[in-house]
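Report on the following structure.
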Amino acid sequence: MLNTDTLKKNYEFRVTLLRGTFYNGDYINVYIKKNNKEINRIGIGVGVKVGKAVKRNRIKRLIRENYRLLEKRILTGYDIVFLAKKNKDISKITFYNIKKDFLKILSQSNLLKKEDEE
């Protein structure tokens, strides 16, 4: 990922969750906070209640891949935390469902670049 770093520390997640803006999707929730840097930092959280490790890692891979494909269209300078919803059926979560959520949330938050900015 080009202009992206990861959130690793608990306090980095906590600050974004407490002070960030919340956006709700069908399969994921997203918290976005401005970080005053020239890169985006992302964090992905999938709780134990979602499923066992194989299923949790699959959801993380789907989120990461969707972010990677849309990365060039996303404005920089934000901390973004993606949280998978635990009450959804895991077998129904597909690449395209998460992509639809991504586009919906990023357009709501005005993080997608305009076509002429690219």
Given the conditions (1) buried (at least 19 other Cβ atoms within 10 Å of the Cβ); (2) in contact with a Ser or Thr (Cβ under 8 Å, 6 or more places away or on another chain), every one holds for LYS33 apart from (1)
Of the residues in region 78-105 that are part of a loop (DSSP other than H, G, I, E, B) and surrounded by fewer than 15 Cβ atoms within 10 Å (Cβ to Cβ), the one that is modelled with the lowest pLDDT is ASP89
With criteria (1) touching a residue at least 40 places away in the same chain (Cβ under 8 Å); (2) closer than 21 Å to GLU12 by Cβ; (3) assigned to a loop (DSSP other than H, G, I, E, B), ASP26 comes up short on (2)
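Residues are listed down the side, and each one gets a yes or a no for (1) farther than 14 Å from PHE102 by Cβ; (2) within 15 Å of the chain's Cα centre (by Cα):
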| residue | (1), (2) |
| --- | --- |
| GLY20 | yes, yes |
| TYR23 | no, yes |
| ASP26 | no, yes |
| ILE32 | no, yes |
| LYS37 | yes, no |
| ARG41 | yes, yes |
| GLY45 | yes, yes |
| LYS52 | yes, no |
| ARG58 | yes, yes |
How many residues of region 55-66 are surrounded by 20 or more Cβ atoms within 10 Å (Cβ to Cβ) and within 21 Å of GLU12 (Cα to Cα)? The answer is 1
Being basic (Lys, Arg), touching a Ser or Thr at 6+ places or on another chain (Cβ under 9 Å) and part of a helix (DSSP H, G or I) narrows ARG68, ARG58 down to just ARG68
Residues of region 29-55 being touching a residue at least 40 places away in the same chain (Cβ under 8 Å), assigned to a helix (DSSP H, G or I) and out of contact with any strand residue (DSSP E or B) (no Cβ under 8 Å at 6 or more places or on another chain), in sequence order, are none
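The values are calculated or read from the model by the stated rules, or taken from the named source; none is laboratory data. Treat the numbers as computed from the prediction; the structure is a model and nothing was measured. Backbone-built Cβ (ideal geometry, glycine too); neighbour counts: all protein chains shown.
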